[in-house]
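Everything on this sheet refers to the single structure shown next.
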Amino acid sequence: MDITLPTIPLGVLTLLALFAPCAVALINQPAWPAKWKRAVGVIMAIVLAAVVLVLYYVLTGDVLPDWPWLLLLAVLVSQTSYALLLKPSATRLESSTARHL
């Protein structure tokens, strides 16, 4: 099976997904259950991939035939960067921007 992905959308998506947990931390609240926080992270990664795909289409007019791989890559990179790199800073950001009701 040969998977060929265009380089520019792949690079842009990877860089944005690497720092997506910081944006997710602005949305999440400390009181939410872990499964809701994870769902917000996955949904944000899918939305990010969709935005990159739409921008690529608008700028070039080409439709990417391998777009499901980009969605999977966005989820994989964002969740991995959260787990391995950004968890402490994302947790601090989440608690500092929490809405106190």
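Some values worked out for this structure:
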item: Residue, nearest to the chain's Cα centre (by Cα), within segment 26-55, restricted to residues that are over 24 Å from ARG92 (Cα atoms) and open to solvent by less than 50 Å² (accessible area, probe 1.4 Å); result: ALA49
item: Counted residues, segment 1-59 - those being hydrophobic (A, V, I, L, M, F, W, C), under 20 Å from LEU85 (Cβ atoms) and in contact (Cβ under 8 Å) with a residue 24 or more places away in the chain; result: 17
item: Looking only at segment 62-101, and only at residues there that are free of Cβ contacts under 8 Å to residues at least 40 places away in the same chain and among the hydroxyl-bearing types (Ser, Thr, Tyr), the one that is least open to solvent (accessible area, probe 1.4 Å); result: THR80
item: Filtered residue count, segment 61-72, keeping only those that are out of contact with any helix residue (DSSP H, G or I) (no Cβ under 8 Å at 6 or more places or on another chain) and either under 19 Å from LEU15 (Cα atoms) or modelled with pLDDT under 85 (or both); result: 5
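Each row is one residue, and each column tells you yes or no for (1) assigned to a loop (DSSP other than H, G, I, E, B); (2) out of contact with any Asp or Glu (no Cβ under 8 Å at 6 or more places or on another chain); (3) modelled with pLDDT of 90 or more.
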residue: ALA23; (1), (2), (3): no, yes, yes
residue: ARG38; (1), (2), (3): no, yes, yes
residue: VAL51; (1), (2), (3): no, yes, yes
residue: ALA74; (1), (2), (3): no, yes, yes
residue: SER95; (1), (2), (3): no, yes, no
residue: LEU101; (1), (2), (3): yes, yes, no
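The values are calculated or read from the model by the stated rules, or taken from the named source; none is laboratory data. Given the structure is predicted, the values throughout are model-derived calculations rather than measurements. Cβ sites come from the backbone with ideal geometry, for glycine too, and all protein chains shown count toward neighbours. What goes into the accessible areas is simple: the full protein's heavy atoms, side chains included, and nothing from ligands, DNA or RNA. Shrake-Rupley method; radii C 1.70, N 1.55, O 1.52, S 1.80 Å.
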